[in-house]
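Worksheet: one structure, shown below.
The values are calculated or read from the model by the stated rules, or taken from the named source; none is laboratory data. Bear in mind the structure is a predicted one, so any value in this text is a computation, not a measurement. Methodologically, a virtual Cβ is constructed for each residue, glycine included, from the backbone with ideal geometry; neighbour enumeration extends over all protein chains shown. The protein model used for the area step is the full one, side chains on, heavy atoms only, and it has no ligands, DNA or RNA in it. Shrake-Rupley method; radii C 1.70, N 1.55, O 1.52, S 1.80 Å.
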Amino acid sequence: SLYSSYTDMFTEAGELCSESILEVQNYVNDNGSIAVFGPFTERTGIRGTGIFDQGWGWNTPSQALVNAYETGDPRKNATILFRGGSDGYGNTLPESLELPYWNRKTYGDPARAKKTNYRKAVWMNVRILRYADVLLMAAEASNEIGGEININNALGYLEQVRARARAANSDVLPAITTTSQSDLRTAIKHESRVEFGMEFERFYDL
């Protein structure tokens, strides 16, 4: 089932949640002396100094991705860290960071990083497949088959994903209602882009 909080899903507390179908398991103990992990989070983590030294800074958000989100979409700030903005853990990212945008989905709590001797958030699991992806694949398949029943099914799958992202804010992310196969195809493609921003989905979707 879809996890209730899109933002919390990409924290340590959200690991192996109800939405997780496949995750790469990483582990670091409390002082950092024992660690079992792959290179993913280190390579894609924010590149800075001190508590903001979490990786090499590969795979940073593009301006096109920043611009892709609808007004008020909570997934934008859950996916992208902004230079000079909040990191979600009570810290403000320095204005001196090299790039304006960074990947939040591989960003770990700086307090945890400090506790583990700055192991660059390598304790964070890597999400490979989520139930939201299943829903959007079902939406795409239903839309491509076509016909009134399948188009309505596609709209239902799509709305589940948008409703979770919308959460309690009914003023954002209105339900998609088009019954045009072409327009719905475009809407599903857009939804996949913003739902899975920084999760290596876009290239393969296209």
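Brief remarks follow.
- Extension reserve of the Glu12-Lys114 stretch, reckoned as 0.36 nm per residue once the Cα distance is removed: 35.2 nm
- Sulfur and carbon atoms: percent of accessible area, the stretch 1-138 [1.4 Å]: 54 percent
- When +1 charges are put on Lys and Arg Cβ atoms and -1 charges on Asp and Glu Cβ atoms, the dipole computed for the chain relative to its Cα centre reaches about 560 debye.
- Whole-angstrom gap from the stretch 1-28 to the stretch 48-83, using each part's C-alpha centre: 19 Å
- Probe 1.4 Å - accessible area at Ser182, Å² to nearest ten: 70 Å²
- Accessible area of the chain divided out per residue, in Å², using a probe of 1.4 angstrom: 49 Å²
- Along the chain, longest interval not containing exposed chymotrypsin sites (Phe, Trp or Tyr not before Pro), exposed being DSSP loop plus at most 15 other Cβ atoms within 10 Å: 119-199
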